[in-house]
Amino acid sequence: MMTDKLRAYFALHFCVLIWGFTAILGKLISLQALPLVWWRVLLCCVALVLFMPRAQIKGVSKRQFLRLFGVGILVGIHWLCFYGAIKIANASIGVASMATTAFFAALAEPVFMKQKIKWYELALGILILPGMLLIAGSIDWTMRAGLALGILGALLAAVFTALNKRILENDPSPPLTMSLVELSGGLAVTSVVMLPMLWYNPEMPVLLQGWDWLWILVLSLVCTLLPYYLTLQAMRYLTAFATNLTINLEPVYGVLLAALLFREDKDLGPHFYIGMAIILLAVFGHPFLKKIFEKKAPATVPVS
């Protein structure tokens, strides 16, 4: 019989598989990164407002709204950092820098959940790093600004995931409500960034053209809204670290999907397969290590 935790793992892997399509859709959409992210979040918010039960929206207290909105601002800044790293440097830098998320998660979750740091989770977070670097390929380390921006995005991802876990355990709202308020925060911060960008660069294309409408709808509704909702559901049964660790499979799925759809497999060398094996070892080894070590120490003592 499938347990709630196992269902959560399957749901999360499904989400990561869907997220793997985001790189492909980003390649198909003609807009630059910033307006692309803005449209992505805007359409998610519009869809939620149109289809959510009004009672759920009205049931959020002011205090909870501010908490979720603040988390959403972190989500929006995270997306801007990630796409900014790709813009300033390249995709390899963006992917490689996001590999540090699992490492940060091993530290962020104990801080926000007031728990002891689990050494095996910290070790798995460190183990992920060389795997991601191998997948990213040869990196020009002179692109320091892009790398620093990407690492900041990874830190923010670990923080907002831990904050969501804390909210879900202490004062949860319905997942659709959490999604709307948080994505509204993301929309607010991306809009704030868009205004000065348009002022300094009025030539920047913002309007969608032709097939862009189809691809942005798929990106927003299928690859953002659906997995956002499912991930919040899954986190009721999974730790923030396990969530971030599994999300590290996204570039693996993305590269494999690109190889399948665009026949880019000819560009994959041994480094990719070695890196993928390291990541798979860390991701699928975590539940077994957790089971072993939590049997030895069933109670987690909060830190002061």
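None of the figures in this text is laboratory data; all of them are computed from the coordinates on show. Model, not experiment: these values are computed from the prediction. Please note: Cβ atoms are built from the backbone with ideal geometry, for glycine as well, and neighbour counts cover all protein chains shown.
Residue separation of MET204 and HIS271 scaled by 0.36 nm, minus their Cα-Cα distance, works out to 20.4 nm of gained length. Given a Förster radius of 22 Å and the C-beta distance between ASP171 and VAL111 as r, what FRET efficiency does 1/(1 + (r/R0)^6) yield to the nearest 0.05? With R0 = 22 Å, the Cβ-Cβ based efficiency is 0.75.
Each residue of the range 156-169 was assigned a 3J(HN,Hα) from its phi angle through the Karplus expression (A = 6.51, B = -1.76, C = 1.60, θ = phi - 60°), giving 5, 4, 5, 5, 6, 5, 5, 5, 4, 4, 5, 5, 5, 7 Hz with x at Gly and Pro.
Extending 7 Å from the Cα toward the beta-carbon at both LYS58 and LEU281 defines two label points whose distance is 5.7 nm. Of HIS286, HIS271, HIS78, the sequence from fewest to most neighbouring Cβ atoms within 10 angstrom is HIS271, HIS286, HIS78. Applying both filters, DSSP loop and at most 15 other Cβ atoms within 10 Å, to the chymotrypsin sites (Phe, Trp or Tyr not before Pro) of the range 161-214 gives TRP211. Residues ARG144, ARG166, ARG40, arranged from fewest to most other Cβ atoms within 10 angstrom of their Cβ, appear as ARG144, ARG166, ARG40. Averaging the sequence gap over all C-alpha pairs within less than 8 Å and six or more residues apart, then dividing by the number of residues, gives the range 12-296 a relative contact order of 38 percent. Ranked for footprinting exposure by Cβ neighbours inside 10 Å, fewest first, ASP4, ASP212 give ASP4, ASP212. What pairs from LYS114/LYS290; LYS5/LYS118; LYS62/LYS116; LYS58/LYS165; LYS165/LYS290 go past 29 Å between their alpha carbons? Flagged as over cut-off: LYS62/LYS116.
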